[in-house]
Amino acid sequence: MGNELIVDIGTGENRVALLEDKELVEIYIERPSAERMVGNIYRGKVSSVLPGMQAAFIDIGYEKNAFLYVADVVAKKEYGDEEEEVLQDLKGYNIGELLRTGEEVTVQVIKEPIGSKGPRVTTHVTLPGRHLVLLPNAEYTGVSRRIESESERAKLKKIAEKLKPRGMGLILRTASEGLEEVDFSQDLNFLLKLWESIGNKEQSGPVPRCIHKDLSLVYRAVRDLFTVDIDKFVINDRQQYTKVLELVDMISPVLKYRVEYFNKSYDLFEYYQLETKIARALARRVWLKCGGYLVIDKTEALTVIDVNTGKFVGGTNLEDTVLKANIEAAREIAKQIRLRDIGGIIIIDFIDMHEHEHQQMVLDALKQALRKDRTKTTVVDMTGLGLIEMTRKKVRQELSTVLHTDCPHCEGTGKILSPQAVARNVEKEVGRYFGQTIANAVQVEVHPSVATVLKADVNGNFARMQETYGKKILLKASEELKHEEMRIREMQKLVKTDMKECEI
């Protein structure tokens, strides 16, 4: 059925969806109020140096200082391709000898600010083009790991070494597969001019300041996602459609006729049934075709994925049933991780398997499914408890973080007080109020669920309070009130509380 890029241009946000055989596999969202920082280059100032953490904090003009680790300061001997990182031996390096407080430094954002953490930056600037990545400060050549043919890799490696500017490095991207030397000249010339422009901006101006912004979401989609593997690029804005055509005509003319303008009167994402698929990508429970299901829970430190057999009972024996459910779950997990853009540590609790051969089959299925992911993932192994540990490079906020916000009532816990607990609190507040009023009657207004509990407790505290204080309590249910709120009315006097403090 082919692969498609669906680009929705809206007033409040732009969205890009990648479909593989009509299935949503990646979704990108960009809002003017929260523009992406990854790829931006700043002239910053060292705010503080922390030898104990082998890191420094850099003021780049953002509300939170950026984090610069020692590995992102020392010269690299080796680079990964555009999808992976390379670990370094950092023994013998001291961040205090490399940076000083107040010193100016040029850095590039490599990880978005997430939660309470500011952005992460590096001094190793990289400038991505359509077919290659320019490394202005490193003499290195490499080829994307996603190009698997050894002969093609060897050919591209020779091209990279021949084209590499003196004192700089080049990495040939996945889109360079099948190209010849002449196909890289335009890309390389553009990146060299871009670096020259950045260098000029670096020389003068206030500090901190941004000296280069990466492309917007739509143009990054053209540069990074619109390859020969994409059969259709659909966009619903005439002006952006024209600009996309111009850009594609420059970088990959052969793809120009795959760009389509969506001029129908109804919503683009609704037409492709993407809204319901995005909603499913936010659900805690994900059903499998076999009848089993996944439960995905996010914590501060890691993401936990639990696999359950659910309605799947199999057809032969228990081991066979468990194996089939786990293999299907492994493939779905790889898809969900990519779609939700889950990063960091991931722990997977598959259904218990007793045979080592079956465990290996599930591991292999997971690794094979993860090969479609452009973001670097590492499957560590299966622990003694049967848990699979893996990591995925964290670059931007997860889909749930972009589309969800913490509930103001439960503060993100997903839990609120039960109606019974709220009812007991209401009784305490009314008792406190009775001790301070001379009124003969009060009206207590609460949420219907709480009112139901209070009415059912005919001989409870309300009855005793009325008898003790000699005052009348009139109970009223109100949909307008939040679950834990109440109002006490006494002779036109209104008191509202959130159950933490009664304001009289």
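Considering only protein heavy atoms, what is the solvent-accessible area of Arg331 at a probe of 1.4 Å, reported in Å² to the nearest 10?
150 Å²
On the accessible surface of the range 148-213, probed at 1.4 Å, how many percent belong to carbon and sulfur atoms?
Answer for the range 148-213: carbon and sulfur cover 51 percent of the accessible area.
How do Val133, Val380 stack up against each other in accessible area, from largest to smallest, with a 1.4 angstrom probe?
Solvent-accessible surface, decreasing: Val380, Val133.
Just name one of Leu245, Phe226, His212: the one whose Cα is farthest towards the positive end of the charge dipole of the range 209-283 (beta-carbon charges, Lys/Arg +1, Asp/Glu -1).
So the residue furthest toward the plus end is His212.
Report the accessible area of Glu270, computed with a 1.4 Å probe over the heavy atoms of all protein chains in place, in Å² rounded to the nearest 10.
Looks like 110 Å² after rounding.
Return one whole number: the accessible area per residue of the chain in Å², for a 1.4 Å probe.
It amounts to 53 Å² per residue over the chain.
Can you compute 3J(HN,Hα) from phi for each residue in the range 159-172, using the Karplus curve 6.51 cos²θ - 1.76 cosθ + 1.60 with θ = phi - 60°, rounded to whole Hz and x for Gly and Pro?
The phi angles translate into 5, 4, 5, 6, 7, 4, x, 4, x, 10, x, 9, 10, 8 Hz.
When the Karplus curve 6.51 cos²θ - 1.76 cosθ + 1.60 is applied with θ = phi - 60°, which whole-Hz ³J(HN,Hα) does each residue of the range 109-125 get, with x for Gly and Pro?
6, 10, 8, 5, x, 10, x, 8, 8, x, x, 9, 10, 9, 8, 8, 5
If the chain between Lys415 and Ser265 were fully stretched, how many nm would it gain, using 0.36 nm times the residue separation less the Cα-Cα distance?
Computed gain between Lys415 and Ser265 is 49.9 nm.
Hey, what D do you get for the range 346-425 in µm²/s if you plug the Kirkwood alpha-carbon radius into Stokes-Einstein at 4 °C and 1.567 mPa s?
Translational diffusion coefficient: 79 µm²/s.
Need one value: the accessible area of Arg489 in square angstrom, 1.4 angstrom probe, rounded to the nearest 10.
Rounded to the nearest 10, that gives 90 Å².
How large is ³J(HN,Hα), in whole Hz, for each residue of the range 433-450 in order, when computed from phi with the Karplus curve 6.51 cos²θ - 1.76 cosθ + 1.60 and θ = phi - 60°, using x for Gly and Pro?
Per-residue couplings from phi come out as 5, 4, x, 10, 10, 9, 5, 8, 8, 9, 10, 10, 10, 9, 5, x, 5, 6 Hz.
Where does the chain land at 222 nm, in deg cm²/dmol rounded to the nearest 500, when only DSSP H runs of n ≥ 4 count, each adding -39500 (n - 2.57), divided by all residues?
Theoretical 222 nm ellipticity from helices: -8500 deg cm²/dmol.
Expressed in nm to one decimal, what extension gain is obtained for the pair Cys210 and Arg487 from 0.36 nm per residue of sequence separation less their Cα-Cα distance?
94.5 nm
All other residues with a Cβ under 10 Å from the Cβ of Asp214 taken together, and with Lys, Arg as +1 and Asp, Glu as -1, what is their net charge?
Charge balance near Asp214 sits at +3.
Just reorder His483, His356 by solvent-accessible area, largest first, 1.4 Å probe, all chains present.
Largest accessible area first, the list is His356, His483.
Computed from these coordinates, which is Cα extents along the principal axes in Å: (i) 96, 69, 58; (ii) 65, 54, 43; (iii) 74, 67, 39?
(i)
Roughly how many percent of the accessible protein surface of the range 355-401 is carbon and sulfur, given a 1.4 Å probe and a whole-percent answer?
So the carbon and sulfur contribution to the accessible surface is 49 percent.
Gain in length, His356 to Val304, computed as 0.36 nm per residue apart minus the alpha-carbon separation, to one decimal in nm?
That works out to 16.5 nm of additional length.
I want the local charge near Asp381. Using Cβ-Cβ distances under 15 Å, sum +1 for each Lys or Arg and -1 for each Asp or Glu among the other residues.
Cβ neighbours under 15 Å give a net charge of -2.
The values are calculated or read from the model by the stated rules, or taken from the named source; none is laboratory data. Computed from a predicted model, the values in this text were never measured in an experiment. Glycine gets a Cβ as well: all are built from the backbone with ideal geometry, and neighbour counts include every protein chain shown. Just the protein is used for accessible areas: all its heavy atoms, side chains included, with ligands, DNA and RNA removed. Shrake-Rupley method; radii C 1.70, N 1.55, O 1.52, S 1.80 Å.
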